[in-house]
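This report refers to the structure that appears directly beneath it.
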Amino acid sequence: MKRMNKQVGGSHYEDLQFEPVQFFVYMNTHWFQGEVVKYCSRFLNMYGKEDLLKAQQVCQLATQLGLNQAKLFQDNDSENFIKQYCNQFEYSDRMELICQAVLKNNYPVAHIFIEQLIDQYYGKEE
C-alpha cells in the first residue's frame, strides 16, 4: 500500500512495501502490540535507539497491566503475512521474533529481543 498523499512528519515509511498500519489491520492488533511493531519498524529511519526504548517501555507497561497472559491467534495466512512484513527490514529475523512475541502477548520476551536490537545497532550500555 502506498499513501495517496505525502506522509506527515517524515518519510520513514515511504520505502516500505508494507506499512505498520497494514500489519495492524491484517493481524487485528490492539494498541500495545501495534506500538511495539511501529517503533521497531521505524527506528532506523526515525529516532533510532529512542524508538527501541519506547518499544521496551510499552512492553513493560503491557506486562504490568497483565496483558502478557494469552495467545490471541495463529494461522498459516497470518504466519505468511508476518514473514512478508518482517522481510522488508535488514533485521528481519529479530523483527519476526518481536512480532511473534507481541502477537502472543509475551511482552517480556519482546523486551529482550528489542534489547538485542539496541545492542546490535547501538552497543551495550555501560
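The values are calculated or read from the model by the stated rules, or taken from the named source; none is laboratory data. These figures come from a predicted structure and were not determined experimentally. For neighbour counting, all protein chains shown are included, and Cβ atoms are generated from backbone atoms with ideal geometry for every residue, glycine included. Protein only, heavy atoms only, side chains kept; ligands, DNA and RNA dropped before computing areas. Shrake-Rupley method; radii C 1.70, N 1.55, O 1.52, S 1.80 Å.
In the range 75-90, of all residues being open to solvent by 60 Å² or more (accessible area, probe 1.4 Å) and either at pLDDT below 85 or part of a loop (DSSP other than H, G, I, E, B) (or both), the one that is farthest from residue 105 (Cα to Cα) corresponds to 90. For the range 16-50, a residue qualifies if it is touching a Gly at 6+ places or on another chain (Cβ under 9 Å) and part of a loop (DSSP other than H, G, I, E, B), and exactly one does: 46.
Figure legend. Inter-residue proximity from the range 51-74: first residues of a type in the set (Gly, Ala, Ser), second residues modelled with pLDDT of 90 or more, beta-carbon distance below 6 Å, spacing 6+ or different chains. Indicated pairs: 55/36; 55/39; 55/40; 55/114; 62/32; 62/107; 70/105. When you check residue 53 against the structure, is it in a helix (DSSP H, G or I), modelled with pLDDT of 95 or more and open to solvent by 60 Å² or more (accessible area, probe 1.4 Å), yes or no? When the stated conditions are applied, residue 53 passes them.
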